[in-house]
1. Take peptides 118-127, 132-141, 76-85 and line them up by average Cβ neighbours within 10 Å, highest first, as a rough protection proxy.
2. Expressed in nm to one decimal, what extension gain is obtained for the pair Leu80 and Arg153 from 0.36 nm per residue of sequence separation less their Cα-Cα distance?
3. Is region 74-178 best put as rounded, prolate or oblate by its Cα gyration tensor, with a ≥ b ≥ c the root eigenvalues, rounded for a/c under 1.5, and otherwise prolate when a/b is larger than b/c, oblate when not?
4. Using modelled backbone amide H atoms (1.01 Å from N, in-plane), which distant-in-sequence or interchain residues come within less than 5 Å of Gly78's amide H?
5. Show me 160-172, 30-42 ranked by packing, highest mean number of other Cβ atoms within 10 Å first.
Amino acid sequence: MESASHVSPAPVTRAILVLGSTAMRRREPREARRRFARRMIGGLATLAALALGWPRLRRWLPDADLLPPGSEQFIDVGPLQGFMAGQPTAVHLTLPDAPARARPVVFVLGSPEGAWRVFSSVCPHRACVVEYRAEEAGFRCGCHDSRFDAAGRRQSGPAPRDLDPLPHRVEAGRLLVQWKRYRPGTPESVEG
């Protein structure tokens with residue numbers, strides 16, 4: 001005989017399942033929102049890292065396509081007094097008929113005797129731009145770690161030759177430079 005206080009297990013099990021599935025339904029949207037928020041924060045962090053790191057990353061990309069072709073014109077880069085002897089000075093050339101973003105950089109190096117050397121800042125390995133590092137007293141290419149001394153001579157790395165010299169002359173106490181574009185990856189300086 002069944003007593004009144006006895007409840008069959010089937011309705012209790014159904015009640016637990018119903019309550020459990022309701023709790024799961026409440027938890028699923030919450031988990032989905034958390035997943036979405038984590039992905040959004042990760043995506044925004046990636047975009048911020050790229051935006052902040054782009055100038056550094058850009059140095060690693062070859063600039064050969066941005067460089068204008070050689071010019072027959074000599075460009076005035078300034079008075080000789082503006083260049084320190086023994087310390088390479090970077091100069092941005094303004095070439096006629098070249099877009100502003102295609103302004104090549106040259107390095108001017110003077111000596112106490114009054115001799116001048118002018119060479120391209122384009123690495124002869126893969127046409128990346130080299131930077132002068134005073135603490136190393138030389139140049140370093142950020143792409144593949146080629147190194148050059150302060151006079152542009154190759155010291156180490158995969159570059160096949162020294163930094164390319166550029167034609168220059170002095171007129172009325174001012175330095176004039178002729179821009180030349182050289183082919184990267186060749187053991188000799190070849191225009192192109």
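1. Answer by packing, highest mean first, reads 118-127, 132-141, 76-85.
2. Length difference between fully extended and current span is 24.0 nm.
3. oblate
4. Sorted by chain and number, the residues that satisfy this are Leu175.
5. Highest-to-lowest ranking by the protection proxy: 160-172, 30-42.
FYI, it's all coordinate maths here, none of it is from the lab. None of these values were measured; they are calculated from a predicted model. Positions of Cβ are backbone-derived with ideal geometry, glycine not excepted, and every protein chain shown enters the neighbour counts.
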